[in-house]
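Note sheet for the following structure.
Every read-out reported here was derived from the displayed coordinates using simple, explicitly stated rules and does not represent laboratory data. This structure is a prediction, so every number in the text was calculated from the model and none was measured. Counting neighbours? That spans all protein chains shown, and the Cβs are built from the backbone with ideal geometry, glycine included.
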Amino acid sequence: MPSPRVPIVETVLKAWVDAFRAIRAMPVVAVCALVILAVVGVVAWWVSVAVLLNPGRTVLEWIASPTWFALYLINTSLQIVLLAPLAIAVQRFVIRRDVARRYPLNPLRPSYLNYVGVALAINLAFRLPDLMRVLAPYVLTLSVWIEMAIWLLTVGLMIAVLIVALRRIALFAAIAVNAPNASWRGVVPADAGNTFRIMLIVLAIWLPGAVYGFLVNFYFPLSGSPYTRGVVLALLIWLPQLPIISAFAAASARIFMALEAPATTSATSDESIAVA
């Protein structure tokens, strides 16, 4: 049986509506997530300033260094670990209308460990090509052709990881609601057509945040103390991530429900036949 087509516009619109409904229905979760975003944003800014002010290297040299890669990987991993409860709460709200009364940070719960583990594995896999690119100059004497080959390889690997992640995006919602098929092999993978649709959905949700971040960086005043300005800039960029993360989580839940619809209908039909 062919997979149903995941609607693009409907999923995006419903994801944003679900995101704000979830935030309104779970104020404690929203406030805790805002505090985490504020702390992570300010700390990331201060660490970046401390690294970039270290003399002897230009900004581009720092960004291409293993130190910068390690800091970036640690930062993204902390975001995943600390903000996964927000995504889980939103997905449960969308699929089952569960309302979390507190921030569901349960580091020892198997479902939480599974959720975070999958997210960290995908994040690491996506960043491995970057690690290859960063470490290559330290272990090889590179010619122009080798550098070009490494660049093409890293781009190809990133695209491959992205496609795999998009095909299995419903896994996160399945884990969040403890679905019977909440495993890498058990979850229904998106076919080629739905993978393209899911990519458009992700881009549509990501685009407003990207435009907002560009405008803030471009029009933010440059006068005043660089440290104070940096903290304010970090807060302006990070705090709006709350509805964006919630919208991504809601979209994952909507995609999960769309892909699971045939299986649910089939199971219901089988039960009806058995009863009859």
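Distance from the C-alpha centroid of region 173-217 to that of region 96-115: 19 Å, rounded to the whole angstrom.
Counting other beta carbons within 10 Å of each residue's own, what order do Phe20, Phe248 fall into, fewest first?
Working: Phe20 13, Phe248 23.
The order, fewest Cβ neighbours first, is Phe20, Phe248.
Distance between the modelled labels on Val9 and Ala38, one decimal in nanometres: 3.9 nm (7 Å Cα→Cβ projection). Seen from Val164, the other residues with C-beta closer than 15 Å to its C-beta sum to a net charge of +3, counting Lys and Arg as +1 and Asp and Glu as -1.
The phi torsions of region 243-259, fed into the Karplus equation with coefficients 6.51, -1.76 and 1.60 and a -60° offset, translate into couplings of x, 5, 4, 4, 5, 4, 5, 5, 5, 4, 5, 5, 5, 4, 5, 5, 6 Hz, rounded to whole numbers, with Gly and Pro shown as x. For Val177, what charge total do you get from the other residues with a beta carbon under 15 Å from its beta carbon, if Lys and Arg give +1 and Asp and Glu give -1? Local charge sum for Val177: +2. Using the Cβ-Cβ distance between Arg96 and Tyr212 with R0 set to 35 Å, the FRET efficiency works out to roughly 0.70. Taking packing as the residue-averaged number of other Cβ atoms within 10 angstrom, the listed peptides 208-216, 99-107 run from highest to lowest as 99-107, 208-216. Here the Karplus relation 6.51 cos²θ - 1.76 cosθ + 1.60, evaluated at θ = phi - 60°, turns the backbone of region 92-106 into coupling constants of 5, 5, 5, 7, 10, 6, 6, 10, 7, 8, 9, 6, x, 8, 10 Hz, with x for every Gly and Pro. This ranking places Arg197, Arg5 by how few other beta-carbon atoms lie within 10 Å of each, fewest first, which gives Arg5, Arg197. Taking a Cβ cut-off of under 13 Å around Asn194, the surrounding Lys, Arg, Asp and Glu residues balance to a net charge of +3, with basic ones at +1 and acidic ones at -1. Per-residue 3J(HN,Hα) values for region 27-42, derived from phi via the Karplus relation 6.51 cos²θ - 1.76 cosθ + 1.60 with θ = phi - 60°, read x, 5, 4, 5, 5, 4, 5, 4, 5, 4, 4, 5, 5, 4, x, 5 Hz in sequence order (x marks Gly and Pro).
Once R0 is set to 35 Å, what does the formula 1/(1 + (r/R0)^6) return for the Cβ-Cβ distance between Ile163 and Tyr72, expressed as a FRET efficiency to the nearest 0.05? Each step should come with its number before you reach the end.
Values: r = 22 Å, r/R0 = 0.64.
Here the calculated transfer efficiency is 0.95.
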